[in-house]
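As structure tokens, the structure follows; a few thoughts come after it.
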């Protein structure tokens, strides 16, 4: 896992939708699961949401604590 990508989860904000303005790392699990079922957006945003989904799904959110 790339630490630069983990750091991006803490700085990039959701640009649209119900959670617009919220950091990717702070998106709720049910919202991440919705993307997993419906499809992740293209580009960097989709990659970050997919990464956060994997972190959340595997109960590894504590990996982000040292970076906060």
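So what's the angle, to the nearest 10 degrees on a 0 to 90 scale, between helix 43-57 and the longest Cα principal axis of the chain? Its long axis makes an angle of about 70 degrees. Of the labelled figures (i) 1.00; (ii) 1.23; (iii) 1.13, only one reflects Cα Rg over 2.2 N^0.38 Å as derived from the coordinates, namely (i).
Subtracting the Cα-Cα distance of residue 42 and residue 22 from 0.36 nm times their residue separation leaves 5.3 nm of extension gain.
Read-outs throughout are calculated quantities, based only on the coordinates presented, and are distinct from any laboratory measurement. Quick caveat: nothing in here was measured; it's all calculated off a predicted structure.
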